[in-house]
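Just below is one structure, and these are the notes that go with it.
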Amino acid sequence: MTNDERTKLQRLLGVMSNDDILNYLGSLDYVFTYLRNSVPEHALETTTIQTFVEYHIHSYACLNDNILRRPPFSTIQLQYIIDLYERIEENAFDKVLRAYVKKELVEETFTDKEREHVLHVFSRMTFEKETIAETLKSIDSWISMLKRLMIRVLNANISLDVPLQLYLERTDLWSDRVSNLDLDTFQVDDDILLQHTYVILRGLETKQKRNNQLTQQQQQKISEIQSIEGQREKVQTWFDTTARVTTGPKVLKPKIRV
């Protein structure tokens, strides 16, 4: 899926209602069940979601309309269905599930010192590590992964006193751009626990926001400098042109006597 297609999908997901997002996510889960258990040989990667559902899922009355009738969702090819699912997951977390984070996970459960320590250790051992894989150097990829972890794992009743590393090394929680070899390039201390997931996520989101603001400020300064330089060039060009006209040699026409 191209960046333009991802951007378009992101805009469309942004205006969808919370119920539609959750229903669409559930519908894709239903489609995944068929893809895992009974994939026909002629269901190619280029087959659209709509075509696959119409030909291979006999009962689809419960599926969200986006899958069957609304482009561009219905026309997305099967090879991009995981990418689509992950984007919907992130939107579902931001718009719906974030408001229902477990009490044991919220920031108020920890002191300021504890939160700062956890975030510092985690950052130093992951995306700030010099030898980490290129695919893991972006703070955005960690934010996306932690949101998936919140949705897929932390919605269930599981023990929170286990090392977070056990989940960070699971390839199914990462995008397909991250490989097993990439995940071997970092190791988070065992005292960073699953319970710290949301604290880390919030800390990374704050860092991301600061980075984006700094980038915007730098771009604005560059634009202002370029604008000033452009004005100076125009003034200099005008000055040079005017100077040549006013200082050029005068041509005297001879007077003709009658």
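Tabulated data for the structure shown
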{"item": "Qualifying residue in the range 65-75 (condition: free of Cβ contacts under 8 Å to residues at least 40 places away in the same chain and touching a Phe, Trp or Tyr at 6+ places or on another chain (Cβ under 8 Å))", "result": "yes"}
{"item": "Count of the range 158-168 residues which are surrounded by 14 or more Cβ atoms within 10 Å (Cβ to Cβ) and either at pLDDT below 95 or in contact with an Asp or Glu (Cβ under 8 Å, 6 or more places away or on another chain) (or both)", "result": "3"}
{"item": "Hey, T7 loosely packed, with under 13 Cβ neighbours inside 10 Å, under 20 Å from A92 (Cα atoms) and of a type in the set (S, T, Y) or not", "result": "yes"}
{"item": "Selection status of E104, over 21 Å from the mean Cα position of the chain (by Cα), on the phi < 0 side of the Ramachandran plot and at pLDDT 90 or above", "result": "yes"}
{"item": "Residue that is farthest from L22 (Cα to Cα) [pool: residues in the range 84-133 that are of a type outside the set (A, V, I, L, M, F, W, C) and in contact with a Ser or Thr (Cβ under 8 Å, 6 or more places away or on another chain)]", "result": "T131"}
{"item": "Checking K129 against (1) in contact (Cβ under 8 Å) with a residue 40 or more places away in the chain; (2) surrounded by 13 or more Cβ atoms within 10 Å (Cβ to Cβ); (3) closer than 23 Å to D94 by Cβ, the condition it does not meet", "result": "(3)"}
{"item": "Residue check for L22: in contact (Cβ under 8 Å) with a residue 12 or more places away in the chain, surrounded by 10 or more Cβ atoms within 10 Å (Cβ to Cβ) and either within 17 Å of T75 (Cβ to Cβ) or not assigned by TED's automatic domain parsing to the domain that holds I76 (or both)", "result": "no"}
{"item": "Some residue of the range 89-100 being surrounded by 12 or more Cβ atoms within 10 Å (Cβ to Cβ), of a type in the set (S, T, N, Q), part of a loop (DSSP other than H, G, I, E, B) and at pLDDT 85 or above", "result": "no"}
{"item": "Any hit, the range 55-72, residues being among the hydroxyl-bearing types (S, T, Y), more than 26 Å from G203 (Cα to Cα) and either buried (at least 18 other Cβ atoms within 10 Å of the Cβ) or out of contact with any helix residue (DSSP H, G or I) (no Cβ under 6 Å at 6 or more places or on another chain) (or both)", "result": "yes"}
{"item": "Total residues in the range 196-251, condition out of contact with any helix residue (DSSP H, G or I) (no Cβ under 6 Å at 6 or more places or on another chain), modelled with pLDDT of 70 or more and of a type in the set (A, V, I, L, M)", "result": "5"}
{"item": "Any hit, the range 188-199, residues being within 17 Å of L105 (Cβ to Cβ), in contact with a strand residue (DSSP E or B) (Cβ under 7 Å, 6 or more places away or on another chain) and without any contact (Cβ under 8 Å) to a residue 60 or more places away in the chain", "result": "yes"}
{"item": "Test: M125 is under 18 Å from K207 (Cα atoms) and either in the same structural domain as S17 (by TED's automatic domain parsing) or of a type outside the set (G, A, S) (or both)", "result": "yes"}
{"item": "Residues within the range 127-142 that are more than 16 Å from E169 (Cβ to Cβ), among the small types (G, A, S) and in a helix (DSSP H, G or I), tallied", "result": "0"}
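For (1) more than 24 Å from Y80 (Cβ to Cβ); (2) part of a loop (DSSP other than H, G, I, E, B), each residue gets a yes or a no:
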position	(1), (2)
N155	yes, yes
V178	no, yes
D189	yes, yes
Q218	yes, no
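The values are calculated or read from the model by the stated rules, or taken from the named source; none is laboratory data. Keep in mind the model is a prediction, meaning the values are calculated, not measured. We place every Cβ from the backbone using ideal geometry, glycine too, and count neighbours over all the protein chains shown.
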